[in-house]
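The values are calculated or read from the model by the stated rules, or taken from the named source; none is laboratory data. Remember, it's a predicted structure, so these values are computed and weren't measured experimentally. Cβ coordinates were reconstructed from backbone atoms using ideal geometry, including for glycine residues, and neighbour counts include every protein chain displayed. Quick note on the areas: whole protein, heavy atoms, side chains included, nothing else; ligands and nucleic acids left out. Shrake-Rupley method; radii C 1.70, N 1.55, O 1.52, S 1.80 Å.
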Amino acid sequence: MGIFESPEAARALQNNPLRMAFGMLKVVAFVMAIVAFARFHALGSVRAALLPGWRMVVTVVVAVVLWNALGFALQWVQHALDVGVLASIVVAVNWASQLLLLLPIIALLLDDRSRPVWQHVRRWPAFVAMALLLPLAFAPAWLLHSVTHRLALRTPFAADVALMAFDAVLIGLLASLTGAALVRGFRTGS
């Protein structure tokens, strides 16, 4: 696509539909890699990490759909109200409900059966630990990823290929560090 020819070419192609489609596939694959590594870290088995039962998959999909539906509904209410104080209250309820439902969804993803799923809502130490560990795991590798893309601008094709091969390794490292931080943070206070 010529995205690394120059900063101008990169800006011109940043909203290209083909680039956006492949970008979305990359994001989905990246999230799947994080979940797979987190499941491997939590369960200790590649087979268990990569082959979850169909019930778990259906439960997680339903939980994520409901989680998103709740968020969209509360955003719609916020926009419909469009009154300062009431809209602010709806925003606070939206954030709180999204955060409260995050731990049960992670418990489902990690196949954590140490307690009923909805009891994970009360595990604030785990939430705080994840809020601290995830950026610490994510930020350094993301910074290196960003640097490789900046270095790839206006470089010869062979250098682009080498940088993007290195970048693929960085993305794998980023996914594994993020998955490990997710599990370690989740297990805090268990």
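If the condition is being of a type outside the set (F, W, Y) and either over 13 Å from L144 (Cβ atoms) or open to solvent by 50 Å² or more (accessible area, probe 1.4 Å) (or both), then region 154-170 contributes R154, T155, P156, A158, A159, D160, V161, A162, M164, A165, A168, V169.
Checked against (1) modelled with pLDDT under 85; (2) surrounded by 15 or more Cβ atoms within 10 Å (Cβ to Cβ); (3) of a type in the set (V, I, T), T148 passes all but a single condition, namely (1).
Would you be able to say whether some residue in region 50-59 is open to solvent by less than 90 Å² (accessible area, probe 1.4 Å), closer than 26 Å to A162 by Cα and either of a type in the set (F, W, Y) or touching a Lys or Arg at 6+ places or on another chain (Cβ under 9 Å) (or both)? No - not one qualifying residue is present in region 50-59.
Open to solvent by less than 40 Å² (accessible area, probe 1.4 Å) and either at pLDDT 90 or above or in a helix (DSSP H, G or I) (or both): is that true of L174 in this structure? It is true that L174 is open to solvent by less than 40 Å² (accessible area, probe 1.4 Å) and either at pLDDT 90 or above or in a helix (DSSP H, G or I) (or both). Residues in region 34-49 that are charged (D, E, K, R) and either open to solvent by less than 70 Å² (accessible area, probe 1.4 Å) or within 20 Å of R187 (Cβ to Cβ) (or both): R39 only. Of the residues R154, R115, R150, the single one that is in a helix (DSSP H, G or I) and of a type in the set (D, E, K, R) is R150. Restricted to region 68-121, and to residues there that are in contact (Cβ under 8 Å) with a residue 60 or more places away in the chain and either within 17 Å of the chain's Cα centre (by Cα) or open to solvent by 50 Å² or more (accessible area, probe 1.4 Å) (or both), the residue that is nearest to M32 (Cα to Cα) is L109. If only residues of region 15-33 that are under 16 Å from L109 (Cα atoms) and touching a residue at least 12 places away in the same chain (Cβ under 8 Å) are counted, the one that is surrounded by the fewest Cβ atoms within 10 Å (Cβ to Cβ) is F30.
Across region 76-87, not a single residue is classified as closer than 22 Å to D160 by Cβ and assigned to a helix (DSSP H, G or I). Does L136 satisfy the condition of being at negative phi, open to solvent by 40 Å² or more (accessible area, probe 1.4 Å) and assigned to a helix (DSSP H, G or I)? So L136 passes the test.
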